[in-house]
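Presented below is the structure to which this report refers.
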Amino acid sequence: MNTTRTTQHAAGTATAPDSIRSVALSSVRLPLDTPVSDAKVFTGRQRPMTEVALLFAELTTAQGHAGVGFSYSKRAGGPGQFAHAREVAPDLIGEDPNDIGRLWTKLVWSGASVGRSGLATQALAAFDVALWDLKARRAGLPLAKLLGAHRDSVRVYNTSGGFLHTPVEALLENAAASLDGGVGGIKIKVGHPDHREDLRRLTAVRERLGDGVPLMADANQQWDRPTALRMGRALEEFGLVWLEEPLDAYDAQGHAALAAALDTPVATGEMLSSVAEHWELMRSGAADVIQPDAPRIGGITQFLKLAALAEHQHLQLAPHFAMEIHLHLAAAYPYEPWLEHFDWLEPLFEERLEIGDGRMRVPDRPGLGITLSEKVREWTVERCESGDPR
């Protein structure tokens, strides 16, 4: 027997399912005011970062609903994400935007010959985030409320003021300014070729801020196992909230041994690009704090799967970058999380997120609560549309 699906509204009237009418993609290059260096630059593996490449997806439906999502890449990969997204975008036209899980699977199989992780799923993240934004907007709810929020604000720490290229005095000024601005914790980059310099910088920060300010350190994967153990032991005196990415992101065994040897919690995960890769860390006991990045693992649909696994393992959660997305996801995690504050993406949006008393508040605007600014158009290097954009 053939059946027709309908959507029941509060007034009791039934309507036909909505459908995706158009998909617009924008490849955007956001310039940074100052070239940025972490340990990967000091080891010669990467050049200083001068821009962030973003992929924006804007969806509209036959019933007039809209959603916006984004993914990103640093140093390389932006054009590749855009190219992959452009190829699979037509497969969304005519689909019901409610079927987010099914659409993620459809898109990942559309490009399965290039894999189900990495650049391919990072490109799909922009669509997936846009679909969730659309769903929450249509419901008239902030995304966190749609997902089932546990809190209306999230602890927040700053990273953008603590890079290795920053002189010590500027490091101290940046940290003080972040705290004065309402941020609750400070993360400092480590991994300097001279390990004594790492200790000198951390000592200066701890002495200036005092013992009561939450402090994190991030080695960006640039230590080997012996160095990570020696430095981890040397850093115990600073009472760090966590030591981040002390080893290569895929060294689950090494991270597990380090986590067992140190009192300081070990955090990692931001560079992984699938739920399966994160699960390897979790089941190995390689992380006390898991740091997934929704744009990197394929979007919100995948993040929710990962968060359920992390909750099952009783792990702390501290999503990486993209606070405009992760604020909502962190607010929906059962255990008290941390959120990473970067102001780099702020020029792309009309709205600003509210910070105070060490926390970032979930906006009461529907969806993600963001509107693209004119800067997005100004910095767009390529754009394409599928479907009927009228």
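The values are calculated or read from the model by the stated rules, or taken from the named source; none is laboratory data. Keep in mind the model is a prediction, meaning the values are calculated, not measured. We place every Cβ from the backbone using ideal geometry, glycine too, and count neighbours over all the protein chains shown. Only protein heavy atoms, including side chains, enter the accessible area calculation; ligands, DNA and RNA are left aside. Shrake-Rupley method; radii C 1.70, N 1.55, O 1.52, S 1.80 Å.
Below is a table of values for the structure above.
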quantity	calculated
Cβ pairs under 8 Å, 6+ apart, first in the stretch 83-97 and farther than 10 Å from Leu25 by Cβ, second open to solvent by 10 Å² or more (accessible area, probe 1.4 Å) and among the hydrophobic types (A, V, I, L, M, F, W, C)	His84/Val114; His84/Leu119
Subset tally (residues that are under 16 Å from Gly111 (Cα atoms) and among the hydrophobic types (A, V, I, L, M, F, W, C)) for the stretch 55-91	5
Qualifying positions in the stretch 40-59 - crowded, with 16+ Cβ neighbours inside 10 Å and closer than 21 Å to Gln122 by Cα	Gln46, Met49, Glu51, Val52, Ala53, Leu54, Leu55, Phe56, Ala57, Glu58, Leu59
Counted residues, the stretch 194-228 - those being assigned to a loop (DSSP other than H, G, I, E, B), touching a residue at least 12 places away in the same chain (Cβ under 8 Å) and over 28 Å from the mean Cα position of the chain (by Cα)	1
Residue list for the stretch 251-278, restricted to those being among the hydrophobic types (A, V, I, L, M, F, W, C), within 20 Å of the chain's Cα centre (by Cα) and open to solvent by 10 Å² or more (accessible area, probe 1.4 Å)	Met271, Val275, Ala276
Scan of the stretch 337-385 for residues that are among the basic types (Lys, Arg) and either open to solvent by 70 Å² or more (accessible area, probe 1.4 Å) or not in a strand (DSSP E or B) (or both), ordered by number	Arg352, Arg361, Arg365, Lys375, Arg377, Arg383
Single residue of the stretch 279-296 satisfying the filter (in a helix (DSSP H, G or I), hydrophobic (A, V, I, L, M, F, W, C) and more than 17 Å from Leu327 (Cβ to Cβ)) that is most open to solvent (accessible area, probe 1.4 Å)	Trp279
Residues located in the stretch 26-39, provided they are crowded, with 19+ Cβ neighbours inside 10 Å and not in a strand (DSSP E or B)	Asp38, Ala39
Residues being of a type outside the set (S, T, N, Q) and assigned to a helix (DSSP H, G or I) - total across the stretch 174-193	5
Among residues of the stretch 111-124, those that are in a helix (DSSP H, G or I) and crowded, with 18+ Cβ neighbours inside 10 Å, counted	6
Where a residue in the stretch 229-250 is assigned to a helix (DSSP H, G or I) and open to solvent by less than 10 Å² (accessible area, probe 1.4 Å) and its partner, wherever it lies, is of a type in the set (Ser, Thr, Tyr) and at pLDDT 95 or above, with Cβ under 7 Å and at least six apart	Gly232/Thr264; Leu235/Thr264
All positions within the stretch 308-336 that are surrounded by 24 or more Cβ atoms within 10 Å (Cβ to Cβ) and part of a helix (DSSP H, G or I)	Ala310, Ile325, His326, Leu327, His328, Leu329, Ala330, Ala331
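Here's the yes/no breakdown for (1) in contact with a Lys or Arg (Cβ under 6 Å, 6 or more places away or on another chain); (2) among the polar types (S, T, N, Q); (3) surrounded by 17 or more Cβ atoms within 10 Å (Cβ to Cβ):
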position	(1), (2), (3)
Ala126	no, no, yes
Ala136	no, no, yes
Pro142	no, no, yes
Thr166	no, yes, yes
Glu173	no, no, no
Leu179	no, no, no
Arg196	no, no, no
Thr203	no, yes, no
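Okay, residues lined up against (1) assigned to a helix (DSSP H, G or I); (2) at pLDDT below 95:
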site	(1), (2)
Arg47	no, yes
Glu51	no, yes
Leu54	no, no
Gly69	no, no
Ser73	no, yes
Ala76	no, yes
Asn98	no, no
Gly101	yes, no
Trp109	yes, yes
